[in-house]
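As structure tokens, the structure follows; a few thoughts come after it.
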Amino acid sequence: MTATRADAAAIAGAVPDPELRVVTIGELGIVRGAEQAEDGHVVVTITPTYSGCPAMDAIRDDIRSALAAAGYADVEVKTVLSPAWSTDMITESGWAALERTGIAAPGPSGTPTCPRCGHQGRPTPVLQISRYASTPCQSLWSCRSCLEPFNAIKKL
Amino acid sequence: MSEVATEVELLGLGDDALIAAQRLAEWVSRAPTLEEDVALANIALDQLGAARMLLAAVGDEDELAYRRDDHQFRNCLLAELPLGPGRGDLDFGWTMSWLLMLSAAQLLRYTDLAGGSDEQAAAIGAKAVKESTYHLDHARQWMLRLGGGTEESQRRVQQGLDGLWPYGHELTEGIRDRWLAIVEPVLAEAGLKRPDDRWRPGGGRDGRHTEHLSYLLAEMQSLHRAHPGAQW
Ligand SMILES: [Zn+2]
């Protein structure tokens, strides 16, 4: 099989996020691209969601293993900071996958819609319990309509 | 601030973030609620992330974090102070006063970096600015709650503010007016008294630190120094 440059980017992008397993790092906007040199050397460029994101090392390892499994022997993973990652870089399919597991989008006004019952916070509120949750990129909410707690991605 | 961020500036900011991360980590498993535990751990993690970017921009991050002695650190004194009235104390009101002061200054410094002409420093600043905004907001929300809470909560947050305020001068050198424009309205809204400007301890940027940094570094560096290059 002859692999092309687009393949390398697609393979890297298809790696599941180590913390939010339902989305890929491509859908989260973590993979910026991949370049392959004449000699076969592949450089995958990624960007951290949060600067202290503890998953970055796992992500680098997972990219290397995924590409190795596809026949790319010589892979380098480069981290860039600019332009800084933002929630706008999450793709539509990424948002949909997150929502299916009960993780809400931040919502245009900053108040998320309850992913369990679809309640939008009026007149019964959707309350923020904590602006930090199980990962740095999420906050914790409580829906006062269905009474369930849920996580939402923080706007960044 | 000058157009081009100097190595000294980046090192100072990196050390502020590194030492602050180590301080904040003391709260892990001890915060008043589980949500707050997670919040403080995440803020510590953000600080560590910013520290790693800043230190890597001026040298080898591990060498800088683990192999320097007290007098080689360039953090401001505020970052190294205990998060309570005395060594080993952990006081939540005190900590929120500390976080308000620190994160307001970091937000301004990172904003300046982001607008500067050094490409790498600008990228770091732009990244860190977003996180600092959250830290500042977190501290602000707590200042309002504690200041407007019980007599006890107000007493303790005010005590922290009074104890830490003098160290704000070194923290805000060159950005004092802009910093006050952020901090003063929070204090006013929280019903807290802005402490008077009296003594102005400093010297951290020149490597003259309090004994608190020695204890902090002993804990932070001991493993790496005993087992250089240790990984797990
Ligand atoms: Zn609901």
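The values are calculated or read from the model by the stated rules, or taken from the named source; none is laboratory data. Nothing here was measured: the structure is a model prediction, and the numbers come from that model. Please note: Cβ atoms are built from the backbone with ideal geometry, for glycine as well, and neighbour counts cover all protein chains shown. Side chains included, ligands, DNA and RNA excluded: accessible areas come from the protein's heavy atoms. Shrake-Rupley method; radii C 1.70, N 1.55, O 1.52, S 1.80 Å.
Would a scan of region B:111-121 turn up a residue that is more than 14 Å from chain A (Cβ to nearest Cβ), within 14 Å of the chain's Cα centre (by Cα) and buried (at least 16 other Cβ atoms within 10 Å of the Cβ)? Looking for residues that are more than 14 Å from chain A (Cβ to nearest Cβ), within 14 Å of the chain's Cα centre (by Cα) and buried (at least 16 other Cβ atoms within 10 Å of the Cβ), one finds none in region B:111-121, hence no. Of the helices (runs of 4 or more DSSP H) entirely within region B:70-189, those holding at least 2 residues that are closer than 23 Å to A:Gly52 by Cβ occupy B:77-80, B:92-114, B:119-147.
Do we find that B:Arg23 is part of a loop (DSSP other than H, G, I, E, B) and more than 12 Å from chain A (Cβ to nearest Cβ) in this structure? Considered against the rule, which asks whether it is part of a loop (DSSP other than H, G, I, E, B) and more than 12 Å from chain A (Cβ to nearest Cβ), B:Arg23 comes out as no.
In summary, A:Cys137 fulfils each of the numbered conditions (1) more than 16 Å from the ligand (Cβ to nearest atom); (2) more than 10 Å from chain B (Cβ to nearest Cβ); (3) within 13 Å of the chain's Cα centre (by Cα) with the single exception of condition (2).
The listed residues are A:Arg60, A:Arg144, A:Arg100, A:Arg131, and the only one of them that is among the charged types (D, E, K, R), within 16 Å of the ligand (Cβ to nearest atom) and free of Cβ contacts under 8 Å to residues at least 40 places away in the same chain turns out to be A:Arg144. Residues of region B:44-76 that are under 23 Å from B:Leu223 (Cβ atoms) and aliphatic (A, V, I, L, M): B:Ala44, B:Leu45, B:Leu48, B:Ala50, B:Ala51, B:Met53, B:Leu54, B:Leu55, B:Ala56, B:Leu64, B:Ala65.
For region B:48-59, check the following and say yes or no: at least one residue is open to solvent by less than 10 Å² (accessible area, probe 1.4 Å), of a type in the set (Gly, Ala, Ser) and farther than 18 Å from B:Ala126 by Cα. Walk me through how you get there before you give the answer.
Applying the first criterion (open to solvent by less than 10 Å² (accessible area, probe 1.4 Å)) to region B:48-59 yields B:49-51, B:54-55.
With the extra rule that they be of a type in the set (Gly, Ala, Ser), the set shrinks to B:49-51.
From what is left, the residues that are farther than 18 Å from B:Ala126 by Cα are none.
Looking for residues that are open to solvent by less than 10 Å² (accessible area, probe 1.4 Å), of a type in the set (Gly, Ala, Ser) and farther than 18 Å from B:Ala126 by Cα, one finds none in region B:48-59, hence no.
The set of residues in region A:147-156 being of a type outside the set (A, V, I, L, M) and away from the ligand (no atom under 11 Å from the Cβ) consists of A:Asn151, A:Lys154, A:Lys155.
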